[in-house]
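Input: a single structure, listed below in structure tokens.
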Amino acid sequence: MLKALEPRANISELAREHGISRKTAYKWLERFRERGVVGLEDLSADLTARR
């Protein structure tokens, strides 16, 4: 995530390196910007609890 914050970061390249889609990379980057590392925690447990 820290590489993605660099001024000339290539999100497409970083996503490809980590085997995720660009859409996911941008979603994670936005969460990180908003909430820091906590924003990157797995949300699946929260979704299961709501059902």
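Each value in this text was obtained by applying a stated rule to the coordinates, not by laboratory testing. No experiment lies behind these values; they were computed from the predicted model shown. Reconstructed Cβ throughout: ideal geometry from the backbone, glycine too, with neighbour counts over all protein chains shown.
Provide the per-residue ³J(HN,Hα) series for the range 25-41, in order, calculated from phi with Karplus coefficients 6.51, -1.76, 1.60 and θ = phi - 60°, each as a whole number of Hz, with x at glycine and proline positions.
Result, rounded to whole Hz: 4, 5, 5, 5, 4, 5, 4, 5, 5, 6, 10, x, 4, 4, x, 9, 5.
Among 3-13, 17-27, how do they line up by average Cβ neighbours within 10 Å per residue, starting with the highest?
Per-residue mean Cβ counts within 10 Å order the peptides as 17-27, 3-13.
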